Amino acid sequence: MDGKNKILDAARTVIIRSGVNGATVRAIAIEANMTTGAIYHHYKNKEDLLYDLMNESLSVSSQIAKEMTGDAYSKERIKMEIARNTAERFHKDAENRLQYHFAHEVLLGNMDAQLKLKDKYAEWTKQIEQILIHLYGLENTRLNNAFSSWLIGAVDGVVLQYLLDVNENSIDEMMEVFDLLLEKGLPSFVERLNEQDK
């Protein structure tokens, strides 16, 4: 395992054990069995390291969109990948905490975090739109961006519910609904959206 992946794995472990605030560069270095200098060789500060961990793990839509462009997967396989990755997302405790850590930083006025998250959400929204075009025939409507944003917000909202331990539904139940959305809800909605914009 290369140095950067070793650092990210260590950061994930420390966050799960001690929370985001407990994830100091020193604690991550100890977990990775590295010096703090070795970590600073890869990252200029703790925030960049934490952002990289969140970005690497939560950018699944980007990975799926890239795989789609090569037509390597059937539409059914892509839907299976989306469902599998969404279910995995609910279990990514460290990465989910990081996403809300950065959201909190934005609320406190951290403009650097705000710009990074704005760029990341713009990328995720575009990738979701590409998936909707490929899977369901979404046409170029004026509401594509808003539709994609709603879908991202829905998953983010469920993640937040699990982080706060306020969602009493099992992940299996939530995924059963998600599967219905993939198979029945989204195709129907895309059809209506396409018709509305004509």
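Can you name the number of the only condition in (1) within 11 Å of the chain's Cα centre (by Cα); (2) without any contact (Cβ under 8 Å) to a residue 60 or more places away in the chain; (3) open to solvent by less than 20 Å² (accessible area, probe 1.4 Å) that Val60 fails?
So the condition that Val60 fails would be (3).
Name the single residue that is surrounded by the most Cβ atoms within 10 Å (Cβ to Cβ) among those in segment 121-154 being in contact (Cβ under 8 Å) with a residue 12 or more places away in the chain and more than 27 Å from Gln99 (Cα to Cα). Step through it out loud before you land on a result.
If we filter segment 121-154 for residues that are in contact (Cβ under 8 Å) with a residue 12 or more places away in the chain, which is where we start, we get 121, 123-132, 134-139, 141-145, 147-149, 151-152.
Subset that is more than 27 Å from Gln99 (Cα to Cα): 134-139, 141-142.
Details: His134: 16, Leu135: 19, Tyr136: 18, Gly137: 11, Leu138: 23, Glu139: 14, Thr141: 16, Arg142: 9.
Selected residue: Leu138.
Somewhere in segment 15-37, is a residue in contact (Cβ under 8 Å) with a residue 60 or more places away in the chain, under 18 Å from the mean Cα position of the chain (by Cα), under 26 Å from Trp124 (Cα atoms) and open to solvent by 20 Å² or more (accessible area, probe 1.4 Å)? Don't jump to the end; show me each part of the working.
To start, the set of residues in segment 15-37 that are in contact (Cβ under 8 Å) with a residue 60 or more places away in the chain comprises 15-16, 19-20.
Of the ones still in play, those that are also under 18 Å from the mean Cα position of the chain (by Cα) are 15-16, 20.
Restricting the remaining residues to those that are under 26 Å from Trp124 (Cα atoms) gives 15-16, 20.
With open to solvent by 20 Å² or more (accessible area, probe 1.4 Å) added as a condition, the list becomes 16.
Yes, that holds for at least one residue.
Name the residues in segment 86-102 that are surrounded by 15 or more Cβ atoms within 10 Å (Cβ to Cβ) and either more than 11 Å from the chain's Cα centre (by Cα) or in a helix (DSSP H, G or I) (or both), would you? Please lay out each step first, then the result.
Of all residues in segment 86-102, those surrounded by 15 or more Cβ atoms within 10 Å (Cβ to Cβ) come to 86-87, 89-90, 92, 94-102.
Scanning segment 86-102 gives Thr86, Ala87, Arg89, Ala94, Glu95, Asn96, Arg97, Leu98, Gln99, Tyr100, His101, Phe102.
For Tyr73, indicate whether it is open to solvent by 20 Å² or more (accessible area, probe 1.4 Å), in contact with a helix residue (DSSP H, G or I) (Cβ under 7 Å, 6 or more places away or on another chain) and not in a helix (DSSP H, G or I).
Values: open to solvent by 20 Å² or more (accessible area, probe 1.4 Å): yes; in contact with a helix residue (DSSP H, G or I) (Cβ under 7 Å, 6 or more places away or on another chain): yes; not in a helix (DSSP H, G or I): yes.
When the stated conditions are applied, Tyr73 passes them.
Given (1) modelled with pLDDT of 95 or more; (2) outside any helix (DSSP H, G or I); (3) open to solvent by 100 Å² or more (accessible area, probe 1.4 Å), identify the lone condition not met by Leu180.
Every condition holds for Leu180 apart from (2).
Assuming Glu168 fulfils every condition listed in (1) over 22 Å from Met80 (Cβ atoms); (2) at pLDDT 95 or above; (3) charged (D, E, K, R); (4) surrounded by 15 or more Cβ atoms within 10 Å (Cβ to Cβ) apart from one, which condition is it?
(4)
The values are calculated or read from the model by the stated rules, or taken from the named source; none is laboratory data. Remember, it's a predicted structure, so these values are computed and weren't measured experimentally. As a convention, Cβ positions derive from the backbone with ideal geometry for all residues, glycine included, and neighbour counts pool all protein chains shown. Accessible surface areas use protein heavy atoms only, side chains included; no ligands, DNA or RNA. Shrake-Rupley method; radii C 1.70, N 1.55, O 1.52, S 1.80 Å.
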